[in-house]
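These notes concern the structure reproduced below.
Every read-out reported here was derived from the displayed coordinates using simple, explicitly stated rules and does not represent laboratory data. The structure presented is a predicted model; accordingly, all values stated were derived computationally and were not measured. With ideal geometry, Cβ positions are generated from the backbone for all residues, glycine too; neighbour counts draw on all protein chains shown.
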Amino acid sequence: NDNSFALIGAPDADRDSNADRGAAYVYTQTGGTWSAVSELTPSISEAGQSYGTAVAIEGSVAAIAAPNAGGVGAVFVFRENGGTWTEDQVIVPATDDTTTYGLGVDIALADGRLIVGASSGTAYVYTEISSTFVLTETINVSGVTAADRFGSSVAITSDYASIGAFRRSNNGSRSGEAFVF
């Protein structure tokens, strides 16, 4: 929610004859009442992709994650112009990246930066440059692995990024740990 719009994900929704493809809806508020204005449909539509698992919105930019799309995950970026939401970009792992999976298990958007967590134990920071999100940083922590679920939760502000590893056992069995950058 960003004061003008709210974005709601429904990762188990069946669409296009695809079970659990997922869905995402934009709502707007008028006179204290929230109403659905648009369903944001991804350009990739597969059974089980879980589109809408994580959502983020800032101004006229919405990002929707599908961590099971194509077996590696994807994040779909939409932009609003004149009341119409249009898919503008699809973020997927690089074709030579054979280690990333679950891209988009969590996402956050702030100040023109998008942080994307991956089940494979990495977080990626994308910066908006000329209306396109460009990968500007890959975050890994030495000794923290995918088994720790690093990247399972992410948050970002203009100055900080926080990445969670909910199964990290540094302070007791699966006590979890958060890393601030």
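Quick look at the numbers
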| read-out | value |
| --- | --- |
| Given charges at Cβ of Lys, Arg, Asp, Glu: the chain dipole, positive-most of T122, T33, L103 | T122 |
| Average Cα contact separation per residue, the chain, under 8 Å, 6 or more apart, as relative contact order % | 12 |
| 10 Å-binned pair-distance histogram of the chain (Cα, whole percent) | 10, 37, 35, 15, 3, 0 |
| Cβ-Cβ FRET estimate between T138 and T84, R0 fixed at 30 Å, reported to 0.05 | 0.35 |
| Max mean-square fluctuation residue, GNM over the chain, Cα-Cα springs under 10 Å, options N140, N18, N81 | N81 |
| Cβ-Cβ FRET estimate between S60 and F181, R0 fixed at 35 Å, reported to 0.05 | 0.80 |
| For the chain, with +1 on Lys and Arg beta carbons and -1 on Asp and Glu, the positive-most of T132, T86, N18 along the dipole | N18 |
| Dipole magnitude of the chain, debye to nearest 20 (Cβ charges: Lys/Arg +1, Asp/Glu -1, about Cα centre) | 440 |
| Sequence ranges 144-156, 20-32, 88-100, ranked by mean other-Cβ count within 10 angstrom, highest first | 144-156, 20-32, 88-100 |
